[in-house]
Ligand code: PLP
């Protein structure tokens, strides 16, 4: 008999992991299938549906037959509305050819790391960090160099970063407002990052996915700081701001050195985002009805409600300044192993959370809870915490 050998996957794919958050999602689904009631604080999505004016723009685009190939970098009306928004809101003044439309923030980040890192290059990032970043770095053959968020608050930012720089340092990844900590970096801290980047000729990948969810302080775009545009790749997404997680659309802003490369990667990976989705995104960004201002208080009141409930139940925490997560220290109430703490909380109260350790070793002993939820869900969670 002839021996049959099976084909193998490309070796570099071994560098990619599979999100632990997906494992938790599957666990929650399993539980729900048994009929159990689950209070879902593990997610990472806006609690509101996509607003009607965006859905209407999509319907109009379909009716007008905007259904053919578009320029792979993005349709002109969208690029124009992004350019106006960047200037007015982010103080980033760019030409149209310094903007590219991507399939969400995730794709923008993938392209950004692929454009910058050679094998062996180091990326400095603050930890706990959004889990996929580690894989995006590894997939380029890059190395993550973690700085605990605790050090960021405590010391001199410039010194904190400079002490991690080696001859292989290439990129600083900055996510503010941050997932999972909810931290928002101040202008002074951003200036310190910019100074280190300029002194050491580093590229900054600025992940501004949560730019519209800031409750205390204000959002500062690194690319708006003096001399930073040529060395910053800024990744934006419509997912969180406009409740458009499933639409898969975002955009990246960069100067020409990187933009030329980004264009090639976008062309060769997706050849552009779905055309009608781009028309809907143009309507979202051009909106002047105050949608973003209206939703912010909704998030803030949910944050305050959950923070109070946690404190009442012995999970000491203060209100995070941005995004829609609380990274709760669970060590006193549930022990130091965050996977066990997640399981215990889930089985005793039905509250689903994400173990902090999936966001890096600095997250161990913590649980990430999302307050982007209906008020009734947060009330149920607080009730559950009381029974612990
Ligand atoms: N960056 C951060 C920090 C995130 O938390 C997310 C999503 O959760 C993204 C980027 C990417 O979002 P999307 O791919 O939905 O645009």
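The values are calculated or read from the model by the stated rules, or taken from the named source; none is laboratory data. Given the structure is predicted, the values throughout are model-derived calculations rather than measurements. FYI the Cβ positions are ideal-geometry reconstructions off the backbone, even for glycines, and counts take in every protein chain you see.
Scan segment 11-19 and tell me whether some residue there is without any contact (Cβ under 8 Å) to a residue 24 or more places away in the chain, closer than 25 Å to residue 354 by Cβ and within 21 Å of the chain's Cα centre (by Cα).
So far as segment 11-19 goes, yes, one or more of its residues are without any contact (Cβ under 8 Å) to a residue 24 or more places away in the chain, closer than 25 Å to residue 354 by Cβ and within 21 Å of the chain's Cα centre (by Cα).
Is it the case that residue 153 is in a loop (DSSP other than H, G, I, E, B) and either within 13 Å of the ligand (Cβ to nearest atom) or surrounded by fewer than 22 Cβ atoms within 10 Å (Cβ to Cβ) (or both)? Let's see the steps before the verdict.
Details: in a loop (DSSP other than H, G, I, E, B): no; either within 13 Å of the ligand (Cβ to nearest atom) or surrounded by fewer than 22 Cβ atoms within 10 Å (Cβ to Cβ) (or both): yes.
Criteria not met by residue 153.
Pairs, please: C-beta under 6 Å, at least 6 apart or cross-chain, first residue over 13 Å from residue 78 (Cα atoms) and at pLDDT 95 or above and in segment 245-258, second near the ligand (Cβ under 10 Å from one of its atoms) and assigned to a loop (DSSP other than H, G, I, E, B)?
Listed by first residue and then by second, the contacts come to 245/45; 245/239; 248/103.
What residue, of 49, 77, is surrounded by fewer than 18 Cβ atoms within 10 Å (Cβ to Cβ), modelled with pLDDT of 95 or more and within 16 Å of the ligand (Cβ to nearest atom)?
Exactly one of 49, 77 is surrounded by fewer than 18 Cβ atoms within 10 Å (Cβ to Cβ), modelled with pLDDT of 95 or more and within 16 Å of the ligand (Cβ to nearest atom), namely 49.
Does residue 273 qualify as being within 13 Å of the ligand (Cβ to nearest atom), touching a residue at least 12 places away in the same chain (Cβ under 8 Å), closer than 22 Å to residue 179 by Cβ and not in a helix (DSSP H, G or I)?
Working: within 13 Å of the ligand (Cβ to nearest atom): yes; touching a residue at least 12 places away in the same chain (Cβ under 8 Å): yes; closer than 22 Å to residue 179 by Cβ: no; not in a helix (DSSP H, G or I): yes.
So residue 273 fails the test.
In segment 1-33, what count of residues is obtained for those that are assigned to a helix (DSSP H, G or I) and out of contact with any helix residue (DSSP H, G or I) (no Cβ under 6 Å at 6 or more places or on another chain)?
Selection size over segment 1-33: 17.
How many residues, within segment 349-388, are assigned to a helix (DSSP H, G or I) and either out of contact with any helix residue (DSSP H, G or I) (no Cβ under 8 Å at 6 or more places or on another chain) or within 21 Å of residue 303 (Cβ to Cβ) (or both)?
Filtering segment 349-388 down to residues assigned to a helix (DSSP H, G or I) leaves 349, 356-359, 361-363, 375-386.
Next, from what is left, pick out any that are either out of contact with any helix residue (DSSP H, G or I) (no Cβ under 8 Å at 6 or more places or on another chain) or within 21 Å of residue 303 (Cβ to Cβ) (or both): 349, 356, 359, 361, 363, 375-386.
Here the count works out to 17.
Since residue 61 meets every condition but one in (1) at pLDDT below 95; (2) surrounded by 13 or more Cβ atoms within 10 Å (Cβ to Cβ), which condition does it not meet?
It is condition (1) that residue 61 fails.
Tally up the residues in segment 276-295 that are in a helix (DSSP H, G or I) and either in contact with a helix residue (DSSP H, G or I) (Cβ under 7 Å, 6 or more places away or on another chain) or on the phi > 0 side of the Ramachandran plot (or both), please. Quick ask: steps written out before the conclusion?
At the first step, the residues of segment 276-295 found to be in a helix (DSSP H, G or I) are 276-286, 291-295.
Retained after the next criterion (residues that are either in contact with a helix residue (DSSP H, G or I) (Cβ under 7 Å, 6 or more places away or on another chain) or on the phi > 0 side of the Ramachandran plot (or both)): 276-286.
Of the residues in that region, 11 qualify.
Counting just the residues of segment 245-267 that are buried (at least 19 other Cβ atoms within 10 Å of the Cβ) and over 21 Å from residue 277 (Cα atoms), which one comes out nearest to the chain's Cα centre (by Cα)?
254
Given the residues 160, 181, 169, 203, which is the only one that is within 16 Å of the ligand (Cβ to nearest atom) and either farther than 29 Å from residue 355 by Cβ or surrounded by 18 or more Cβ atoms within 10 Å (Cβ to Cβ) (or both)? Can you show your working first?
Details: 160 fails: within 16 Å of the ligand (Cβ to nearest atom); 169 fails: within 16 Å of the ligand (Cβ to nearest atom); 203 fails: within 16 Å of the ligand (Cβ to nearest atom).
Criteria check complete, one pass: 181.
With the checklist (1) surrounded by 21 or more Cβ atoms within 10 Å (Cβ to Cβ); (2) closer than 26 Å to residue 299 by Cα; (3) more than 16 Å from the ligand (Cβ to nearest atom); (4) within 22 Å of the chain's Cα centre (by Cα) in hand, flag the one item residue 39 doesn't pass.
In the conditions (1) surrounded by 21 or more Cβ atoms within 10 Å (Cβ to Cβ); (2) closer than 26 Å to residue 299 by Cα; (3) more than 16 Å from the ligand (Cβ to nearest atom); (4) within 22 Å of the chain's Cα centre (by Cα), residue 39 misses (4) alone.
Report whether or not residue 118 is out of contact with any strand residue (DSSP E or B) (no Cβ under 6 Å at 6 or more places or on another chain) and under 16 Å from residue 203 (Cβ atoms). So that I can check it myself, show each step before the final result.
Numbers: out of contact with any strand residue (DSSP E or B) (no Cβ under 6 Å at 6 or more places or on another chain): yes; under 16 Å from residue 203 (Cβ atoms): yes.
Yes, satisfied.
Run down 252, 174, 235 and say which single residue is within 14 Å of the ligand (Cβ to nearest atom) and over 22 Å from residue 146 (Cα atoms).
Values: 174 fails: over 22 Å from residue 146 (Cα atoms); 235 fails: over 22 Å from residue 146 (Cα atoms).
When all the criteria are applied, what remains is 252.
Hey, residue 144 hits all of (1) in a loop (DSSP other than H, G, I, E, B); (2) free of Cβ contacts under 8 Å to residues at least 24 places away in the same chain but one; which does it fall short on?
(1)
Just checking, how many residues over segment 109-142 are surrounded by fewer than 18 Cβ atoms within 10 Å (Cβ to Cβ), under 21 Å from residue 364 (Cβ atoms) and touching a helix residue (DSSP H, G or I) at 6+ places or on another chain (Cβ under 7 Å)?
Number of matching residues: 1.
Taking segment 86-101 as the search range and keeping residues that are in contact with a helix residue (DSSP H, G or I) (Cβ under 9 Å, 6 or more places away or on another chain) and part of a helix (DSSP H, G or I), which one is farthest from residue 276 (Cα to Cα)?
90
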